[in-house]
Amino acid sequence: MCSDDRKCCPEPDDLPDDGHGSSIHADVPHSARVWNYWIGGKDHFPVDQQAGDDYARIFPGIVPLARAGRDFIDRVVTYLTADGGVRQFLDIGTGLPTENNTHQVAQRAAPNSRVVYVDNDPLVLVLGRALAASSPEGAANYLDADLRHPEHVLTGARQFLDFLQPITLMLMGVMGYILDDDTANAIVDALLEELPPGSFLALYDGAATDQAFIDAQHGYDATGAVPYRLRSPDQIRGFFTGLDLIDPGVVPLPHWRPAPSPLPPDTVEAYGGVARKP
């Protein structure tokens, strides 16, 4: 159950396994549920709230970082649909559904937008499929696949997307789960290689720019949860090698095309950007 009386995620025993023999574990923190807690969602268990609180005590900046990540996705998808003319999105490692999901943002600007969400977490898949109500003109589909196997991701995505037309590859806060640098870069390259020219990469990740952030992540990793690698801003920029970066480049999330304001944008310990495949 959740930590209060709001409608929340189902009991673990009420959910199917993921088809590979794994099921929901409510006794170990889970990144998607902890993230959902940080952004004010309702789909988490007490162990996730405890882990989230422990993390925030060491690094209070994690809550604004999580919310800045959601805002970044909103701005990126709005820009790519309204200004970039993109109508297809491949959103890998989407996490638990919340407000202003990719298909909702895209279809507000272009109702015929098609979105494929990719995740291999059973809770994400169950809730996502239940909540992904698309516009009649567009589509929103959930694909059970693992980022670590890009060939499976691409095979599944071809069922729903036209690979002759531009596609935005979205990797929002997920590459840190690929701990080895060479493997992480190879995965991004493999995914981009199959996308047509004129496609985009939209990516952000947590940055190793604050010792408290690093310490908090180490503490979280020690709980038995899936570990996450914080990379330097230059390492995050490296994912965009060979692509044409959209201004202002790879920057702290609130600095990427912020809404007009008399105040300067905040800074969080996460960097992201958007780039076009030539």
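Quick look at the values:
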item	result
Helices (runs of 4 or more DSSP H) lying entirely in the stretch 10-104 (those with 1 or more residues that are at pLDDT below 85, touching a Leu at 6+ places or on another chain (Cβ under 8 Å) and surrounded by 17 or more Cβ atoms within 10 Å (Cβ to Cβ))	31-38
Tally, over the stretch 81-118, of residues that are over 18 Å from the mean Cα position of the chain (by Cα), of a type in the set (A, V, I, L, M) and farther than 14 Å from S199 by Cα	3
Residue selected from the stretch 181-197 under the condition without any contact (Cβ under 8 Å) to a residue 12 or more places away in the chain and over 19 Å from the mean Cα position of the chain (by Cα), by the criterion surrounded by the most Cβ atoms within 10 Å (Cβ to Cβ)	E193
Flag if R114 is in contact (Cβ under 8 Å) with a residue 60 or more places away in the chain and among the basic types (K, R)	no
Search result, residues across the stretch 200-244 that are within 30 Å of P166 (Cα to Cα), surrounded by 22 or more Cβ atoms within 10 Å (Cβ to Cβ) and of a type in the set (F, W, Y)	F200, Y204, F239
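The values are calculated or read from the model by the stated rules, or taken from the named source; none is laboratory data. Every value quoted in this text rests on a predicted model; they were computed, and no experiment measured them. Every residue, glycine among them, receives a Cβ derived from its backbone with ideal geometry; neighbour counts consider all protein chains shown.
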